[in-house]
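Here the structure is laid out as structure tokens; the discussion comes afterwards.
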Amino acid sequence: MNTLINEPESPSIGQLYSQYSPDELVEAEETIKRYVYLVWRIYKRLKTENQKNLTTELLNARFKRPRA
């Protein structure tokens, strides 16, 4: 049950992929969990690097788009 008023319910994997078989739903859920875990690890690493007092210039240089 959601604690916030008027917050919509999150759809389940089965609702998102209603055409999938039970085995495909299990695989989809595992894939989503791996993806979220990867994003979390990237976030934590960047946060840790930022806490090591990297300069703003260095952080900007790491993510600067190549010029066309």
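The values are calculated or read from the model by the stated rules, or taken from the named source; none is laboratory data. Since this is a predicted model, take the numbers as computed values, not measurements. In this analysis, Cβ positions are derived from the backbone assuming ideal geometry, glycine residues included, and neighbour counts consider all displayed protein chains.
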Open item on the list: So, in segment 1-17, exactly how many residues are modelled with pLDDT of 90 or more and exposed (fewer than 10 other Cβ atoms within 10 Å of the Cβ)?
Closed with: 1
TODO: Scan segment 30-49 and report the pairs whose first residue is farther than 22 Å from I13 by Cβ and whose second residue is among the hydrophobic types (A, V, I, L, M, F, W, C) and surrounded by 10 or more Cβ atoms within 10 Å (Cβ to Cβ), with Cβ atoms within less than 9 Å and a gap of 6+ or a chain change.
DONE: L46/L59; E49/L59
Task: Tally of residues being part of a helix (DSSP H, G or I) and surrounded by 10 or more Cβ atoms within 10 Å (Cβ to Cβ) across segment 18-33 - done: 10
